[in-house]
1. For segment 106-126, indicate whether the set of residues that are assigned by TED's automatic domain parsing to the domain that holds S261, in a loop (DSSP other than H, G, I, E, B), in contact (Cβ under 8 Å) with a residue 24 or more places away in the chain and away from the ligand (no atom under 11 Å from the Cβ) is non-empty.
2. Any residue in segment 74-83 that is small (G, A, S) and closer than 22 Å to V313 by Cα?
3. Does E100 satisfy being in contact with a Pro (Cβ under 6 Å, 6 or more places away or on another chain) and within 13 Å of the ligand (Cβ to nearest atom)?
4. Between a residue in segment 176-198 that is of a type in the set (A, V, I, L, M) and any residue that is at pLDDT below 90, which pairs come within a Cβ distance under 7 Å, given they are 6 or more apart or on different chains?
5. Go through (1) among the basic types (K, R); (2) away from the ligand (no atom under 12 Å from the Cβ); (3) assigned to a loop (DSSP other than H, G, I, E, B) one by one and return the number of the condition K36 breaks.
6. Output the number of the condition that V54 fails; it satisfies all remaining conditions of (1) over 16 Å from N87 (Cβ atoms); (2) of a type in the set (A, V, I, L, M); (3) under 17 Å from the mean Cα position of the chain (by Cα).
7. Take the residues in segment 39-88 that are in a strand (DSSP E or B) and not acidic (D, E); name whichever of them is farthest from the ligand (Cβ to nearest atom).
8. Criterion first (of a type in the set (S, T, N, Q), more than 25 Å from Q125 (Cβ to Cβ) and at pLDDT 95 or above) does Q297 satisfy it?
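The values are calculated or read from the model by the stated rules, or taken from the named source; none is laboratory data. Predicted, not measured: the structure shown is a model, and the values here were computed from it. Virtual Cβ from ideal backbone geometry, glycine too; neighbours counted across all protein chains shown.
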Amino acid sequence: MPEPTISEEVQQFYSENPYPHYGTAAKTKAASSYMKYCEKPGKYLEAGCGTGHVVTGSAVMMPHLEFYGIDFSDASLAIAQKVAAANKVDVQFQRANLMEPLPFDFEFDYISCLGVLHHLEVPDQGLKNLANQLAIGGYIFIHVYGEEYHRRRFQINEMLDLLSEKGEDHEERYRLFKALVRHERKLKRGSLLRQLARLSLRDVILGIRSRVKGRNFEDGETLQAWNGEWDDPKPTERWLDQFAHPQERTYNHTEMNKFLSGAGLELVESFALGRQDSRLVPPEWAGLYSELDLGRQSRMMELLNPRGTSPFVAARKLPVT
Ligand SMILES: C[S@@+](CC[C@H](N)C(=O)[O-])C[C@H]1O[C@@H](n2cnc3c(N)ncnc32)[C@H](O)[C@@H]1O
C-alpha cells in the first residue's frame, strides 16, 4: 500500500471527526464581520464548510444570496445538510477537494473560507483554485491560524509528537496532554504563591485594576480559542482539531500579504489580528504609518498588538492585467 498523501490524511481525519459538529444552531458571528460586503445579490460559496454551521448562519442573515457549500468530508456534509434543514435555509452542498479545480461552470460573487486553508497540502494552490472561481471584483473572506496566537499550541503538539505517533492513539495523546496541563497548573500555583508572598499593597491594587480591564478585552478571535479548560473525560472534536491534526500551519500578516497577492487578490479589510486601531500607533509615527499600504498596516497592527489573534480578512479579486 502506498503512503497516504497529506490530503488523504486530512480527509480521513475529518471523516472520523467532523468539525465543529455541535448541535444545529447556526453560527452568525464570523459573517456579521463581513456581511457589509455582500449587499448585492449573487452566488456565495462556503469553501471547507465542515458541518455547515457558518454557511447556515450566513444563509439566515443574507437571504438575498444563493448559497453553496463544499467540503471533502462526506461525514461533515451529511451533518451540514441537517443543520441547514433545521434552520430552514437552502444551501447546495457538494463534495469537492480544494486542492483541485472547483467543480462549477460559473463564478461566485462571494467566497468564504474559514479555518481551512492552513490545513491544505499546498495552501497557495488551494487559494488560487478559489480565486479562479471568483468573479472579478468579487469578495473572499479568509481566516487562518495566527503565528503568535498558536505558537504555544504548536509547541505542545511538537512535545506530544516527540512522545507519541500522531494519529495512532488519540486517547493516549489526550492522556499525555492532560498530564502536561495538570503539571503546568501545579507549577503555576506554586509560583503564584511565591509571588503573592512578595506582593506589596500597590501591586495588589494595580493587579486588580488590570484584571478588571482585561475582562473588557474583546479578543477578536471569532472562531476558536485553543487554550480552553479541556476537562472532558475523552478527547472532543475540538481538542482533536487542535492537538491531533495531521496538517496545519500558521500565518503572520506579511505571509498573508504574499498569500493574497500570489492568487491575484487585494486586501480590503483586516478584522481580527490586523484590525486598524489608531490608538496603538505612536503619534510621531502616524504620518509614516498612514503612507503604508493596507497589508503593511495590518502587519504593523499585528506587531503593535501584543494580544494578537489570527489573520481574518476580506479581499477582492483584481482584474487580470
Ligand atoms: C476546521 S474545519 C472548518 C469548518 C468550517 N469552515 C468552520 O469554520 O466551522 C476544516 C474543514 O476543511 C475541510 N477541508 C480540509 N481540507 C480540505 C480540502 N483539501 N478540500 C475540501 N475540504 C477540505 C475539512 O474537511 C473540514 O471540514
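1. yes
2. No.
3. For E100, the condition - in contact with a Pro (Cβ under 6 Å, 6 or more places away or on another chain) and within 13 Å of the ligand (Cβ to nearest atom) - is not met.
4. Going by the 7 Å Cβ cut-off, the qualifying pairs are L176/S164; V181/W230.
5. If we test K36 against (1) among the basic types (K, R); (2) away from the ligand (no atom under 12 Å from the Cβ); (3) assigned to a loop (DSSP other than H, G, I, E, B), just (3) comes out false.
6. Unmet for V54, out of (1) over 16 Å from N87 (Cβ atoms); (2) of a type in the set (A, V, I, L, M); (3) under 17 Å from the mean Cα position of the chain (by Cα): (1).
7. K43
8. Yes; evaluated as a whole, the condition is true for this residue.
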